[in-house]
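This report refers to the structure that appears directly beneath it.
The values are calculated or read from the model by the stated rules, or taken from the named source; none is laboratory data. Here the structure is a predicted model, which is why all the values come from computation and not from measurement. No Cβ is skipped: glycine too gets one built from the backbone with ideal geometry, and neighbour counts run over all protein chains shown. Ligands, DNA and RNA are stripped out before the accessible areas are found, and what is left, the full protein with its side chains, is counted by its heavy atoms. Shrake-Rupley method; radii C 1.70, N 1.55, O 1.52, S 1.80 Å.
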Amino acid sequence: MAPEQKQDGEPRPIQLYSFRLNELEDWVKQLGEPKFRAKQLFTWMYKKRVQAISEMTDLSVSFRNKLEEIARLSTIKEEMRQVSKDGTVKWLFSLWDGATVETVLMRHGYGNSVCVSTQVGCRMGCTFCASTLGGLIRNLSAGEVVEQILTVQRFLDQEEERVSSVVLMGSGEPLENYEPSMAFVDIVTDGEGLRIGARHITVSTSGLVPAIKRLADEQRQITLAISLHATNDELRSSMMPINRAWNIEKLLDAARYYVEKTNRRISFEYALIGGVNDSLDHAEKLAHLLKGILCHINLIPVNYVPERNYTRTPKDQIQAFVNRLADLGVNATVRREMGHDIAAACGQLRAQKEGRL
Ligand code: SAH
């Protein structure tokens, strides 16, 4: 679903950042080069992080010319960058066909976490989310997601710091763009490249049950986050249309399957929306639903979306919600809000740029 050509007919470029190392090896062999060229390329791309093929000086000039002719290194362009008082940085990138996506860097005590987008827009239709308001425009290629990380890493290089964790929680549904999202994971975790630990990568899903099972069967060491947000089907279906295809029971069955297969703890996301899903009854129901599943709950005070009338849960009510969960033996933390002054929440910058905010 990534477009094959621009409106003016320019074809989609071969993106070097979309190749896993083994794929790059096959590709250079097809070009008549020895396999080890791929590792050289990988080193220039991910360790030296050069921005032009011409800088890859240990490759022959003829090979570099050939690469420049048939492939592209960088395909995304920084359109906007905003830095928050709390150190959060947000980028708006334009892609080769002019579509735009957002990326956010969050500075935590434990390291630098980056939130990447996997699709331009989203078709999930969750009522509280800004990313879905204009629908899905297109999937991102693996390379377009990789480049988001590389841009942030180059920014951090100035301070000799590293991207330590990645969350696939920007715009889009990563499990709907499955292959490129997993290629992205393989590329940034590669020992010859950026070497980000798989355990420090979180893939968040609105609840695509078959894809959760596929992920479980692949036994990757990544963290799975599931956006739950409601404790009964009527409410969840009204907030998240995907619940009509796979309801809470099916979703939690898939979650149990995931834990059984991978032995990894699942993260459930629960956006607290004033008067909608934040009563102590909901806390009890939530604890009951998740009982016996190896998990952690991330409570997210809902971010403002102008098209919706949602209000936030007051602080003391949030604390009461957390306490009730704790009394019932369920682990929950409240997500700290970052970058409030720069519209860092999902889809906000892109919406602003398009005049929707
Ligand atoms: N499509 C994936 C990942 C992207 S959204 C998913 O649904 O999980 C990342 C997280 O932010 C999800 O839990 C999503 O439900 C949540 N989210 C979206 N809009 C929000 C808002 N306005 N306030 C709080 N959380 C929000």
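Among the residues that make up the stretch 230-252, is at least one of them touching a residue at least 60 places away in the same chain (Cβ under 8 Å) and surrounded by fewer than 16 Cβ atoms within 10 Å (Cβ to Cβ)?
Looking through the stretch 230-252, at least one residue is touching a residue at least 60 places away in the same chain (Cβ under 8 Å) and surrounded by fewer than 16 Cβ atoms within 10 Å (Cβ to Cβ).
For the stretch 178-202, name all the residues that are in contact with a strand residue (DSSP E or B) (Cβ under 8 Å, 6 or more places away or on another chain), within 13 Å of the ligand (Cβ to nearest atom) and open to solvent by 10 Å² or more (accessible area, probe 1.4 Å).
THR202
Which one of GLU192, GLU161 is in a loop (DSSP other than H, G, I, E, B), within 17 Å of ARG107 (Cβ to Cβ) and touching a residue at least 40 places away in the same chain (Cβ under 8 Å)?
Every option except GLU161 fails the conditions.
Can you pull out the residues in the stretch 202-225 that are under 24 Å from SER164 (Cα atoms) and in a helix (DSSP H, G or I)?
Within the stretch 202-225, LEU215, ALA216, GLU218 meet the criteria.
Can you list residue pairs whose Cβ atoms sit under 7 Å apart, with the first residue in the stretch 78-99 being under 17 Å from GLU161 (Cβ atoms) and the second being hydrophobic (A, V, I, L, M, F, W, C) and surrounded by fewer than 15 Cβ atoms within 10 Å (Cβ to Cβ)? Count only pairs 6 or more apart in sequence or on different chains.
Cβ pairs passing all conditions: VAL89/VAL83.
Could you say which residue among GLN158, GLN51, GLN148 is open to solvent by 50 Å² or more (accessible area, probe 1.4 Å), within 23 Å of ASP186 (Cα to Cα) and not β-branched (Val, Ile, Thr)?
Going through GLN158, GLN51, GLN148 in turn, the sole match is GLN51.
Need pairs with beta-carbon distance below 8 Å; first residue in a helix (DSSP H, G or I) and within the stretch 285-314, second open to solvent by 50 Å² or more (accessible area, probe 1.4 Å) and among the polar types (S, T, N, Q); sequence gap 6+ or separate chains.
LYS285/ASN232
Name the residues in the stretch 143-158 that are within 25 Å of LEU208 (Cα to Cα) and either part of a strand (DSSP E or B) or not β-branched (Val, Ile, Thr) (or both), would you?
Answer for the stretch 143-158, where residues must be within 25 Å of LEU208 (Cα to Cα) and either part of a strand (DSSP E or B) or not β-branched (Val, Ile, Thr) (or both): GLY143, GLU144, GLN148.
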